[in-house]
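Engineer: The structure is given below, and queries will be raised subsequently.
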Amino acid sequence: MKAVRFHEFGGLDVLQLEEVPDPVPGAGQVLLDITASALNHLDVDIREGVSRFPVEPPFIPGVEVVGRIAALGDGVSGWQVGDRVMALLMDTCGECEFCRTGRESLCTAAGFISFSTSGGYAERLACSARQLLRIPDGLDDDAAAALQIAFGTAWHMLFTRGRLGIGETVLINAVGSGIGSAAVQLARLAGATVIGNASTDEKLARAHELGMDHGINHATQDVVAEVMRLTGDRGVDLVFEHVGGELFQKGLDSLCKDGRLVICGGHSGEVVPFDIIPFFRMQRQVIGSFTYHRTEVQSCLELASEGKITPLVHATFPLAETREAMAMMERREHFGKILLKP
Ligand SMILES: [Zn+2]
C-alpha cells in the first residue's frame, strides 16, 4: 500500500510517500480500506518528536480514520467486509479499574491508532474490531472523518469533565479550531450562552454562523475585559481551554467565582505561570480532560446524522500532498478539519 512515513523527526520535509507492506489483521482485528483520514495538531508534535508519546521512526502518522472493512481477522464477529466504519482512537482493555467504572479514557492498558497500529496517512490500516463504530447512513465519509476527535473531545470536556449546566455561560478559546468549532455547536445545542475567541474576525464570523453568541478577537481585544463587559463583571461559569500560553491565564481570569476551566491541550505554551492567589480566593477549578468515551462519540454520530451538529471539513488533499495539507494546518488559517483522501 501507499503510506506517508517519516524516518527521522523534523519539519514537513521529513514526510515521504512510500510503498510499504499491507498491514495484516491479527486475531480480533479487521483490515480497513481507508476512505478519509483527518489531520490533528498532535500529528505535528509526533512528526517533530515532541509529543511525549512513545514514537519510533519509521512512523506513519494519522490518528483519525474512517473506511470500509476489507478483511476480518480470526474470531471477529458482528462485522462484515464492506461495512462503513470509523476506528476509535483508543483501544481500551475493558478490564482495568477505569474501564470497569465507566472511565475508559483513563484505561491503564489502552492502545492508540498509529502508536499500537500503523497510522492513518495510508491506504490501509489494521485495528482491533473493539475500536469500530458504525457510520450512520445520513453521514458521509468525509463528515465522519471530521467528527470523532473534534466532537468527542469537545463533548467529554464540556459535559463529562466540565459539567456544563443549563443556563450557564461558557468561554470557548480558539473557535476556529476543530474542537473549538465543535464545542460552539455542542454548547449551543445544550442551551448555554456561548462566548468565543479567535485570532481573526473572519473566524469569529464563521463561529457566529454556528451559534456563537459573542465573539472576541484575541489579537486585537482584551479577552478578560470583554468577558467581564459581556457578563456584567461576573465572569463565565466554564472556560473551554486547549491553547495554553497566555490564553490559559486569561481563561482563569475570565472565570466567575467557583468557575471551572477544563483543558485538553497547550500548543501555545505547555508550561505557564499560574497566579495562585485569585485562584483559591475565588474557589476556582482547573480540570484536565483526555480523549473521550465510545458512548460520547456515538451520541455525536447520532446528532450529526440528524443534522443537529455539522462536522466541518476545510479542505481535502490526496496522500501525495500530505506536506501541503500539514503546512495548511500549521499556518492555522483553516476553519474545521483538513482531510487526506487515499
Ligand atoms: Zn482499561
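Engineer: Just to confirm the filter: which GluC sites (Glu not before Pro) across segment 236-325 are DSSP coil and have at most 13 other Cβ within 10 angstrom of their Cβ?
Structural biologist: Details: sites: Glu241, Glu246, Glu270, Glu296, Glu302, Glu306, Glu321, Glu324; in loops: Glu270, Glu306.
Sparse-neighbourhood loop GluC sites (Glu not before Pro): Glu270, Glu306.
Engineer: Excluding Ile149 itself, calculate the net charge of residues whose Cβ lies under 12 Å from the Cβ of Ile149, where each Lys or Arg counts +1 and each Asp or Glu counts -1. Write out the running numbers ahead of the final one.
Structural biologist: On the way: positive: Lys337; negative: Asp43, Glu64, Glu296.
Local net charge: -2.
Engineer: Follow-up question, since we're still on this one. With Cβ to Cβ distances under 11 Å as the rule, what net charge do the other residues near Ser177 carry (K, R +1; D, E -1)? Kindly include the intermediate steps, with their values, before the conclusion.
Structural biologist: Details: positive: Lys203, Arg332, Lys337; negative: none.
That sum, taken over residues with Cβ under 11 Å, equals +3.
Engineer: Right, something else. Any idea what the dipole of segment 165-316 comes to, in debye rounded to 20, about its Cα centre with Lys/Arg Cβ at +1 and Asp/Glu Cβ at -1? Let's see the in-between values first.
Structural biologist: Numbers: 12 positive and 18 negative charges, 43 e Å.
Here the size comes out at about 200 debye.
Engineer: How large is the charge dipole for the chain, taken about the Cα centre, if only the Cβ atoms of Lys, Arg (+1) and Asp, Glu (-1) carry charge, to the nearest 20 debye? Before the final figure, lay out the partial values.
Structural biologist: Numbers: 30 positive and 44 negative charges, 157 e Å.
Computed about the Cα centre, the dipole is about 760 debye.
Engineer: Given a cut-off of under 8 Å on Cα pairs at least six residues apart, what relative contact order in percent is computed for segment 58-164? Write out the running numbers ahead of the final one.
Structural biologist: On the way: 143 pairs, mean separation 32.0, N = 107.
It rounds to 30 percent for segment 58-164.
Engineer: Also, quick follow-up: Before anything else, pin down the relative contact order of the chain: Cα pairs under 8 Å, at least 6 apart, normalised by residue count, whole percent. Display every interim value, and only then the final one.
Structural biologist: Working: 789 pairs, mean separation 61.9, N = 342.
Relative CO of the chain lands at 18 percent.
Engineer: Here's something else I'd like to know. Using R₀ = 30 Å, calculate the FRET efficiency as 1/(1 + (r/R₀)^6) where r is the Cβ-Cβ separation of Glu97 and Ala315; round to 0.05. Walk me through the intermediate numbers first.
Structural biologist: Working: r = 42 Å, r/R0 = 1.40.
Between Glu97 and Ala315 the formula returns 0.10.
Engineer: Moving on to the next point. Based on the inverse mean of 1/r over its pairs of different Cα atoms, what is the Kirkwood hydrodynamic radius of segment 272-320, in Å?
Structural biologist: Values: mean 1/r = 0.0650 Å⁻¹.
Every distinct Cα pair counted, the radius reaches 15.4 Å.
Engineer: Give the relative contact order (percent, whole number) for segment 1-95; include only Cα pairs under 8 Å separated by 6+ residues.
Structural biologist: Relative CO of segment 1-95 lands at 31 percent.
Engineer: Follow-up question, since we're still on this one. Arrange Lys341, Lys203, Lys257 by Cβ neighbour counts within 10 Å, fewest through most, would you? Walk me through the numbers before you get to the answer.
Structural biologist: Working: Lys341 15, Lys203 24, Lys257 10.
In increasing order of surrounding Cβ atoms, one gets Lys257, Lys341, Lys203.
Engineer: Then there's this: With the dipole of the chain worked out from charges on the C-beta (+1 for Lys and Arg, -1 for Asp and Glu) around the Cα centre, which of Gly94, Gly244, Gln29 lies farthest toward the positive end?
Structural biologist: Of the options given, the answer is Gly94.
Engineer: Roughly how big is segment 1-116's charge dipole about its Cα centre, with Cβ charges of +1 (Lys, Arg) and -1 (Asp, Glu), in debye to the nearest 20?
Structural biologist: Numbers: 8 positive and 17 negative charges, 55 e Å.
Around 260 debye, computed over segment 1-116.
Engineer: If neighbour count is taken as other Cβ atoms inside 10 Å, put Lys2, Lys337 in order from fewest to most.
Structural biologist: On the way: Lys2 15, Lys337 28.
Final ranking by Cβ density, sparse to dense: Lys2, Lys337.
Engineer: Work through the residues other than Lys203 whose Cβ is under 12 Å from its Cβ and net out their charges, Lys, Arg +1 and Asp, Glu -1. Write out the running numbers ahead of the final one.
Structural biologist: Numbers: positive: Arg206, Arg332; negative: Asp201, Glu202, Glu209, Glu333.
Residues near Lys203 contribute -2 overall.
Engineer: Ok, one more. Calculate for the chain the 222 nm mean residue ellipticity that helices alone would give, adding -39,500 (n - 2.57) per DSSP H run of length 4 or more and normalising by residue count, nearest 500 deg cm²/dmol. Present the calculation step by step, with values, prior to reporting the outcome.
Structural biologist: Values: 10 runs with 86 residues, N = 342.
Mean residue ellipticity at 222 nm (helix-derived): -7000 deg cm²/dmol.
Engineer: Compare the peptides 146-157, 114-125, 96-107 by average per-residue count of other Cβ atoms within 10 angstrom and give them in order, highest first.
Structural biologist: With the highest mean Cβ count within 10 Å placed first, the list reads 146-157, 114-125, 96-107.
Every number in this text was worked out from the coordinates using simple rules, so none of it is lab data. If you're wondering where the values come from, they're calculated on a predicted model, not measured in any experiment. Cβ coordinates were reconstructed from backbone atoms using ideal geometry, including for glycine residues, and neighbour counts include every protein chain displayed.
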